[in-house]
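Beneath this line is the structure, given in structure tokens, with notes to follow.
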Amino acid sequence: MAESAEPGAAPLIALRAIERTFRLGEDKVAALTGVSLDIGAGEYLAVVGPSGSGKSTLLNLLGLLDRPDAGHYLFEGRDVTTLSVHEQAAVRSRRIGFVFQSFHLVPRLTAAENIALPMVLAGIAPADRARRVGEALAAVALTDRAGHRPDQLSGGQRQRVAIARATVMQPAVLLADEPTGNLDRTTGEGVIGLLESLNRLGMTLIVVTHDAALAARARRQVSVSDGRIVGDRIRAA
Amino acid sequence: MRGVDLLGLASGAAVGSPLRTALSVLAMAIGVAAVVVLTALGDGARRYVLDRFASLGSNLVIVLPGRSSTGGFNPANAITSTPRDLSVLDAAALRRAPAVLRLAPLSVGTSEISYGGRLRETVVAGTTAEFMALRRFALAEGRFLPESDWSRATPVAVLGATIRAELFGNREVVGELVRIGDRRVRVVGVLAPVGQGLGMNPDENVIVPVALAQAMFNTNTLFRIMVEARDRSRIEDAKQQVLEILRARHGGEEDMTVITQDAVLATFDRLLTALTGAVAAIAAISLAVAGILIMNVMLVAVSQRTAEIGLLKALGADPKVILGLFLTEAAMLAVAGAVLGYLLGQVGAFGLRLAFPVFPAFAPGWAVLAAITTALVTGLLFGLAPARHAARLDAVIALGRRP
Ligand SMILES: Nc1ncnc2c1ncn2[C@@H]1O[C@H](COP(=O)(O)OP(=O)(O)OP(=O)(O)O)[C@@H](O)[C@H]1O
Ligand SMILES: [Mg+2]
């Protein structure tokens, strides 16, 4: 098992014997079986594995979008499996950022409005929002696109808006499911570069990917197969 | 989430699908407009009728021959002979009642009136001099009936304004002889135009002394006795005194009906208010239809925005916030519809007043308030199911939908 970034300190994320089974009528699909995993604050982790192995299911559990059928999930030392939907929403709002393969921007909102959305939902004051949206746009080099709607942006630009939106609440962890899946290689590398620069500033980064080359850039690689963790390697520095 | 932001997000979503929004706003607007216009019509009718009654004169007590059918079945009446009619002497006896200011007997029949080869059918009202003051009539020309003995059939007549115009045109009329039935009668005066009345229109009547009318129609009974109480507070006294005197004259039997104008007005008022309410309730059905349309529109909105709902959940939106967003959107559609419908309804009522100037077609305040409240409540009520559906969506499955 890999060590936490800071040995001895409680890990940011601790999964203990997680089970997740989907029922499709009579059939049961065991998407995750006996998954235990520690992830330290500030880590850069890639989740790899064949299609249908349970990578997305794992990421959704980590993001509190889904609940395990058994096992415990400790986030920042707190057992979040027993939280109410309202408490889980609050944790997602403040501590977790999502980046999706298909961007999931709201089409009728401008780039700036999309980025402001998590702050709007969290009830942050407009003045504060404007300042932080400005900073986030600058960080993803899209200041001149603030007033553009998603359909006026390229795929790479859309994903950069999505990344700005995922980080504007300064979450503890950024979860990215195939963030480059809809982008060509060079654009994808630009996006990964952006995520890595955020990680260098201290944000925990967990990326699900099919792409071996991209996975190889992460310091730690977790391999999933058939719902189990079958490999956990840390790249030599 | 802040209230302003909630409104902003919800209105943005509504504007984002203009056709859907326009349709539900329109449906709601039609419902509210229907309530406003129909109640304006109903309440206009009520006020119109009440105004007409008020123009009969004030503090009126009216005596009719025969037992009122609304008085209930009275076995004492059933075994007695046919009720006695009202006579001119009955009317004269009412002078004794201290609460009575003035009174006039009324005998009515139809006849032909002719002058210079022109002929028309008319209602002939036989009465006395006091009738003019009692009905608050004004004279356009000449004099009213002479103050004379009620039993004298002086051959004089006062014409209504329409009769005068039709028979005489611009010619001089006072002093002319006209033929009513087979009698020659001298015109002594013409009434100022009164306008539309209930039942009888005085403009189309000819007024003659009561004895003359009774002679013409070969009767000695009266159609009504019109009594005016000394003031409003004595209407009930007058009614009791009139009843007492007439009962005594009719051998102790109450074979006449005395109604007060107040009672008639109150009955009409109740009847027409109920009618307006019923019309409003029927119109309110269209509000329910609009509510169902809003529900469908919101269900479509939820299914079209499933991915967006998943995203909002991923971004940390509490289920309550999502519920609030969709409820706010439904409420906005309802409010917009209610406001538009209110304006449309007022324009419609204005149009009615233009088309029928005598008709005071104003929607009553209660109806407008009820329509707008119902619109809001239906909007929220029918918006609730879709909003709850949205709030309960599974985030992972919702996100799986392509936006
Ligand atoms: N909502 C669901 N209902 C039923 N089965 C599901 C559901 N979600 C996932 N599964 C099943 O769970 C297993 C793991 O799915 P998951 O989406 O986590 O795979 P993945 O590793 O992300 O695959 P991919 O690389 O294709 O995205 C699959 O067999 C899938 O069919
Ligand atoms: Mg997946």
Flagged in segment B:233-252 as farther than 22 Å from B:ASN59 by Cβ and open to solvent by less than 60 Å² (accessible area, probe 1.4 Å), in numbering order, are B:HIS250, B:GLY252
Open item on the list: Can you find a residue that is aliphatic (A, V, I, L, M), more than 10 Å from chain A (Cβ to nearest Cβ), within 30 Å of A:ALA166 (Cα to Cα) and in a helix (DSSP H, G or I) anywhere in segment B:368-383?
Closed with: no
Residue hits (segment A:180-208; closer than 25 Å to A:ARG94 by Cα and either within 16 Å of ligand 2 (Cβ to nearest atom) or among the acidic types (Asp, Glu) (or both)) are A:THR180, A:GLU196, A:ILE206, A:VAL207, A:VAL208
The residue that is farthest from B:ALA92 (Cα to Cα), considering only those in segment B:181-210 that are open to solvent by less than 20 Å² (accessible area, probe 1.4 Å) and in a helix (DSSP H, G or I), is B:ASP203
Looking across segment A:26-61 at residues that are closer than 14 Å to A:LEU174 by Cβ and within 13 Å of ligand 2 (Cβ to nearest atom), the single one that is nearest to the other protein chains (Cβ to nearest Cβ) is A:LEU59
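Here is a yes/no grid of residues against (1) over 22 Å from B:VAL35 (Cα atoms); (2) of a type in the set (D, E, K, R):
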position: B:LEU325; (1), (2): yes, no
position: B:GLY337; (1), (2): no, no
position: B:VAL358; (1), (2): no, no
position: B:ALA375; (1), (2): no, no
position: B:ALA385; (1), (2): yes, no
position: B:ARG392; (1), (2): yes, yes
Say whether the condition of being over 19 Å from the mean Cα position of the chain (by Cα), open to solvent by 60 Å² or more (accessible area, probe 1.4 Å), farther than 12 Å from A:ARG16 by Cα and within 9 Å of chain B (Cβ to nearest Cβ) is met by at least one residue in segment A:91-99. no
For segment A:46-64, pairs from a residue that is farther than 15 Å from A:THR204 by Cβ to a residue that is outside any helix (DSSP H, G or I) and near ligand 2 (Cβ under 9 Å from one of its atoms), with Cβ under 6 Å and 6 or more apart or across chains, are A:LYS55/A:VAL208; A:SER56/A:ASP177
Note: among A:ALA130, A:ALA139, A:ALA146, just one is open to solvent by less than 60 Å² (accessible area, probe 1.4 Å) and away from ligand 1 (no atom under 16 Å from the Cβ), namely A:ALA146
Output for Cβ contacts, cut-off 9 Å, separation at least six or different chains, first residue on the phi > 0 side of the Ramachandran plot in segment A:31-42, second open to solvent by 10 Å² or more (accessible area, probe 1.4 Å) and part of a strand (DSSP E or B), reads A:GLY34/A:ALA17; A:GLY34/A:GLU19; A:GLY34/A:GLY71; A:GLY34/A:ARG228; A:GLY34/A:ILE229
The residue that is nearest to the other protein chains (Cβ to nearest Cβ), considering only those in segment B:313-325 that are open to solvent by less than 10 Å² (accessible area, probe 1.4 Å) and not in a loop (DSSP other than H, G, I, E, B), is B:ALA314
Looking across segment A:102-119 at residues that are over 18 Å from A:GLN170 (Cα atoms) and within 10 Å of chain B (Cβ to nearest Cβ), the single one that is surrounded by the most Cβ atoms within 10 Å (Cβ to Cβ) is A:LEU105
Counting only residues that are within 16 Å of ligand 2 (Cβ to nearest atom) and surrounded by fewer than 24 Cβ atoms within 10 Å (Cβ to Cβ), segment A:152-179 contains a total of 2
Scanning segment A:154-201 residue by residue, those within 13 Å of the chain's Cα centre (by Cα), charged (D, E, K, R) and within 12 Å of chain B (Cβ to nearest Cβ) turn out to be A:ARG165, A:ASP177
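The values are calculated or read from the model by the stated rules, or taken from the named source; none is laboratory data. All of these numbers come straight from a predicted model, not from anything done at the bench. Here the Cβ is made from the backbone with ideal geometry for all residues, glycine too, and neighbour counts use every protein chain on show. The accessibility values were calculated without ligands, DNA or RNA, using every heavy atom of the protein model including side chains. Shrake-Rupley method; radii C 1.70, N 1.55, O 1.52, S 1.80 Å.
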